[in-house]
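Presented below is the structure to which this report refers.
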Amino acid sequence: MRTHAFEAMGTTVECLLEEDASADGNSFGEVEDEFRRLEEIFTRFDEESELSRLNREGSLEVGVELLDVTELALDARERTGGRFDPTVHDAVVAAGYDRTFDDLDPDAPAGDDRGRPCGGRVVVDRASSRIELGEGVHLDFGGIAKGYAVERACDLLAEQGPCLINAGGDLAVRGRPGQGVWPVEVETPAGAFTLGLESGALATSGSDRRRWRRGGEERHHLIDPASGRPAESDLLRVTVAAGSAVEGEVLAKALYLAGAERAAAEADDLGVPCVLVLRDGGVVTAGGLS
């Protein structure tokens with residue numbers, strides 16, 4: 001098994017490729033290049049990124065990647081009843097996440113604590129390759145852009161053999177390794193346990209991954225679009241299995257916002273295997289996972 005790791009999209013990206021004598025030694029380089037290319041499109045921390053220009057201008061002719069992810073995010077907003085929403089940009093910034101996490105002041109003074117409205121108008125016109133934002137609307141794709149990058153990179157690496165790509169807990173696989181499944185460890189307060197992934201993806205959303213303080217109050221990056229503020233949930237973290245890393249991101253965020261009881265019921269109804277870690281340290285499995 002060949003391995004490679006690099007930094008992109010604010011996290012460590014790990015790549016595994018089952019050894020093959022015919023494999024191209026530059027495959028990991030292509031994956032790294034693809035992650036960096038997509039990061040340059042989707043980052044909100046570079047004023048010249050395509051996303052930043054769209055947010056600034058309000059209407060822009062864009063490339064296929066931004067069209068794809070915007071449509072995926074809008075579809076997710078519809079399917080989740082607004083729990084997943086790409087128009088949380090202003091709410092995230094108001095909460096204090098206004099620069100890369102490494103540059104963030106971990107304990108800044110309190111600012112304007114009002115929630116920022118979400119659910120704004122976004123129109124995608126495929127014929128003209130144009131996205132138009134409603135007045136005052138700005139986009140932030142966060143995890144769904146990372147999931148999209150994981151899927152694109154997996155498609156590249158899979159040309160060389162069975163592979164796994166993990167970007168900070170959002171991972172996808174292609175093909176089965178010689179041992180039959182990809183063993184993936186999930187951390188919980190009760191201890192780690194291993195899931196055997198044959199295909200598809202795992203994704204995790206939680207309030208424990210990116211935290212800071214404003215005026216002595218703890219904040220995190222998971223915005224509840226209903227309030228426009230960091231979500232208040234009895235869940236700490238949600239890990240789901242899904243058909244793709246993009247879908248996993250959507251489901252994990254939606255279940256986190258649902259709260260433990262409703263999340264377990266929804267996961268069972270949808271048949272979405274998931275691990276729910278509660279704030280009190282409890283662990284619940286649902287969606288057929290036991």
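Taken together, the values in this text are just the output of simple stated rules run on the coordinates, not laboratory data. Not measured: the values here are computed from a predicted model. Reconstructed Cβ throughout: ideal geometry from the backbone, glycine too, with neighbour counts over all protein chains shown.
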Report summary line: Reduced to Cα centres, the span from segment 238-260 to segment 162-199 in Å works out to 16 Å
Requested in this report: May I ask you to derive the relative contact order of the chain, considering only C-alpha pairs under 8 Å and at least 6 residues apart, and to give it as an integer percent?
Outcome: 18 percent
**Report entry** GluC sites (Glu not before Pro), loop per DSSP, at most 15 other Cβ atoms within 10 Å - longest free stretch of the chain
**Finding:** 49-134
Report summary line: With label points set 7 Å from each Cα along the Cα-to-Cβ direction at E48 and R262, the distance between them in nm comes to 4.4 nm
Requested in this report: Pull up all non-local amide H partners of L278: gap of 5 or more, or a different chain, and H-to-H distance under 5 Å with H placed in the peptide plane.
Outcome: L236, V283, V284
**Report entry** Distance cut-off 24 Å, percentage of C-alpha pairs in the chain lying past it
**Finding:** 52 percent
